[in-house]
Amino acid sequence: MKNFSIKNKLLIIVIVTIVLVATMIALKSIYEINNLTNKNIEEYKENTYATTQEELKVYTSFAKNIVENLYKQSLPENVKENVKEDLKAQTDFLFTMLTKLYDEEKDKVSESELKKMLLDTIGAVRYGKNNDYFFVYDKNSTILKLPLTPQREGTKNTGKHILEFIDTAFNKGEGLVPYDQVIPNKAPRKKVSFVKLFKPFDWVIGTGTYIDNVTEDLQKKALEEISQLRFGKDGYFYVYDYNGVNLMHPIKPELVGKNLIDLKSKKGVYYIKDLIEVAKKDGGIVNFDFEKTGDDKLYEKIGYAVGFNQWQWMIGTGSYNDEIEKNIEILKQNSQDKISSIIFGIILIAIIVSIIIILFVTFFINKEIIVPLNRFQIGLLDFFKYLNKETKTVEKISIKSNDEIGLMTEIVNKNIEKTNQLIEQDEKLISNVKAVVSEINKGKLKNKIEGQTDNQSLEDLKNILNEMLVLISSKINDDLKIIDDVLAKYKNMNFTYRIENPHGEVAKAINSLAETINHMLVENKTNGLTLNESSHILLSNVDKLNMSSNEAAASLEETAAAIEEITSNIRNNTQNIAKMASYSNNLTKSANDGEKLANQTTSAMDEINNEVKLINEAISVIDQIAFQTNILSLNAAVEAATAGEAGKGFAVVAAEVRNLASRSAEAAREIKTIVENATSKANQGKEISNNMIVGYKQLNENITQTINLIQDIEMSSKEQLSGIEQINDAVNQLDQQTQQNAMIASQTQNVATLTDEIAKLIVNDANAKEFIGKNEVKAKEINLDSSKNENNIIKAKKSTSKIDKTTNKNEIDEWESF
């Protein structure tokens, strides 16, 4: 460890600590996961058994609900209500058939024949699986129709229930009558009948059913529905009575009807007896051993049974425990696999987290400790190099922290700053000395060394040099004063002063420079005066030219605008005439097309009349078919009435066919009326089309004459447009040329104005300086042949006037020709 660096020592301590902590956390996590997994498996086992028992209870309760619902339907009051609805529906259907048959035949046959037809229809009607029938009594208790014992028809039955039938029908119109059916040599049976009054003949028509058959049917229905119930993978239900007789077993139907109360499992459990006992006590669980189908091995099974005391039934089901145990073993195996995976994950995460923490700590130590130490070391070595003159500059150590390294860095930085400041003062003083010496070499002795330093040796050297400069400058100060005075006058633009009796080279050079400047100023003022006079003449002439050009451009612009407006009007007129000609041609075409369409309309009207005749014939055929269909439907209704129950559906179809036949006949009549109206309208349209043909012919003749007149006007307008367009082009060209001349004149005026300003500036600048011969300077002579220029201007004006007269003459001639 002694040979390790601080960085390595810190890293070893941190890595060992992190590895130990990660190992302890991983071991603790693995231990807790194992305990939690075992606890969860035990809870799952308990919950699974409890859930299985609860599921069996729920499933069995569902099967019991089916029995309870069917039992409620078997109660007398409920049976009567349900039977009433069924009997009423059958009776209402029969009355629909009878009423329809009565309405159709009452005016066609005698009353006796009609009664016989209706009674035969009633006797033929059957319904239901028991082939139930209808009976008929009159108000005197006479039997008019009794299909089972037709030999009694025509006799009277004054039984109590028959009188109730008659009383209910005549007082209430319809109703349900319960009674005991007494049959010789047999016990009385509960029965209900529904009766209804057939008003046309005061018949009491009714039908009935035995209600003691309902309970038996509902029990069979309950057993059948429960046998079809399934749950889970292979769950089913079985039913025993409280004596141990099997009433239903969907898997082993051979057990039905057998008493199995003493049946026991191989381990001696009387499970049927036990299930019946718990069923009597609102349901419960029975555990027993049992064999699976096709397997001789014994399996533990949970049985659950619930009782229905009203019918003395035990409804039971069960579930094998092997699936639960199998699931628990699978859960244990999966848990072990997951625990192994979790342990591997914990170890992997611990390694990854340890590596990340190690990297982070290494990064933190390196950044916050190692790097600052390295920077402090490098900065201290650079400072020593700077002190030893090995480098010219030194930077402060850039460490910002409040730890021990930061405090040491702050102390070193203060010393670096102080040392650097002292060295900079010395360098500035030395640089100042070098500059003063350089000025002395150029002959300037007034400068002194101004720099200061905390280095006492250099400060003493500065004072000695300044004293030496004072002594030297006092001796040559007089000659420099004369030169300074001359240069001060030149600075104030006074170049008339000269140095008298110059001895040195500098004095002679200053006098020569003054002569050169004086000559240059004389030439500048002469040229400025000359340019000023020339610019006045140029500016005056340009003003005249600009004014003339602008006036000519304005006149030509007005003329061009007027001609352009005239040209536009003529062009529009020509175009409008051409459009009129085009419209006339289109109108002619439209008139011809209208005449053709009128002819086609007449032909179409003739064809429509022919088609209408065919439609009338087809309508007659439809009317005949509807009439025959109506007769056939009536016959079918009669046959259906006599066919009884078998013909009930056919009677409905026959009635619908008759309705369709009636609707077809009515629609045929309506179509016939519409076709007759269409024939009348077609004839009117044909007459209107003939009148349109005559009108279109007259319209064509008038349009042809109008087109001829428009074509003549169009030719004249095109000739006028061609002439005015030529005039317009000539004026536009002249206007463009005049606009260009006006623009050039305006630009020339701007140039002349600028030239005049420049000339004045040159003269003013020369007058601001003092030099020899300033007041004698004059402008140079300018030779201008003004008469020649004036002649040129007059010739140009005459030429322009001649062009204007020619143009005006041409315009007048063209307007006269127009």
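Structure data summary
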| read-out | value |
| --- | --- |
| Flag if residue 239 is β-branched (Val, Ile, Thr) and farther than 20 Å from residue 56 by Cβ | no |
| Test: residue in the range 34-48 that is crowded, with 16+ Cβ neighbours inside 10 Å and within 22 Å of residue 316 (Cα to Cα) | yes |
| Residue 114 vs. criteria more than 18 Å from residue 89 (Cα to Cα) and in contact with an Asp or Glu (Cβ under 8 Å, 6 or more places away or on another chain) | yes |
| Among (1) closer than 19 Å to residue 57 by Cα; (2) free of Cβ contacts under 8 Å to residues at least 60 places away in the same chain - the single one residue 269 does not satisfy | (1) |
| Any hit, the range 753-773, residues being outside any helix (DSSP H, G or I), surrounded by 14 or more Cβ atoms within 10 Å (Cβ to Cβ) and at pLDDT below 70 | no |
| Entirely in the range 62-181, the strands (runs of 3 or more DSSP E) that have 2 or more residues that are surrounded by 14 or more Cβ atoms within 10 Å (Cβ to Cβ), aliphatic (A, V, I, L, M) and in contact with a helix residue (DSSP H, G or I) (Cβ under 7 Å, 6 or more places away or on another chain) | 143-145, 174-181 |
| Output for the range 127-150, where each listed residue is touching a Lys or Arg at 6+ places or on another chain (Cβ under 8 Å) and in contact (Cβ under 8 Å) with a residue 12 or more places away in the chain | 132, 133, 134, 135, 136, 140, 141, 142, 143 |
| Selection within the range 293-302 - touching a Phe, Trp or Tyr at 6+ places or on another chain (Cβ under 9 Å) and either modelled with pLDDT of 90 or more or surrounded by fewer than 18 Cβ atoms within 10 Å (Cβ to Cβ) (or both) | 298, 299, 300 |
| Pair list, Cβ under 8 Å, 6 or more apart: the range 360-383 residue modelled with pLDDT of 70 or more, other residue among the acidic types (Asp, Glu) | 379/395; 382/395 |
| Residue pairs meeting the criteria (Cβ under 7 Å; at least 6 apart or on separate chains; first more than 14 Å from residue 19 (Cβ to Cβ), in the range 334-356; second surrounded by 12 or more Cβ atoms within 10 Å (Cβ to Cβ) and not small (Gly, Ala, Ser)) | 335/37; 335/41; 339/33; 339/34; 339/37; 342/33; 343/30; 346/30 |
| Residue check for residue 629: modelled with pLDDT of 70 or more and surrounded by 14 or more Cβ atoms within 10 Å (Cβ to Cβ) | yes |
| Test: residue 226 is within 27 Å of residue 80 (Cβ to Cβ) and within 60 Å of the chain's Cα centre (by Cα) | yes |
| Hits in the range 193-222 (condition: farther than 15 Å from residue 175 by Cβ and touching a residue at least 60 places away in the same chain (Cβ under 8 Å)) | 200, 201, 202, 203, 209, 211, 214, 215, 218, 219, 221, 222 |
| Matching residues in the range 265-279 - criterion: being assigned to a helix (DSSP H, G or I) and farther than 23 Å from residue 225 by Cβ | 271, 273, 274, 277, 278 |
| Looking only at the range 636-694, and only at residues there that are closer than 30 Å to residue 124 by Cα and of a type in the set (Val, Ile, Thr), the one that is modelled with the highest pLDDT | 657 |
| Scope the range 225-264; condition under 22 Å from residue 52 (Cβ atoms) and assigned to a loop (DSSP other than H, G, I, E, B); matching residues | 229, 230, 232, 233, 234, 236, 237, 249, 250, 251 |
| Residue 471 vs. criteria aliphatic (A, V, I, L, M), at pLDDT below 70, more than 30 Å from residue 19 (Cβ to Cβ) and exposed (fewer than 11 other Cβ atoms within 10 Å of the Cβ) | yes |
| Any hit, the range 446-463, residues being at pLDDT 70 or above, acidic (Asp, Glu) and either closer than 30 Å to residue 366 by Cβ or part of a helix (DSSP H, G or I) (or both) | yes |
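The values are calculated or read from the model by the stated rules, or taken from the named source; none is laboratory data. For clarity, every value in this text was computed on a predicted model and none was experimentally measured. All Cβ positions, glycine included, derive from the backbone under ideal geometry; neighbour counts span all protein chains shown.
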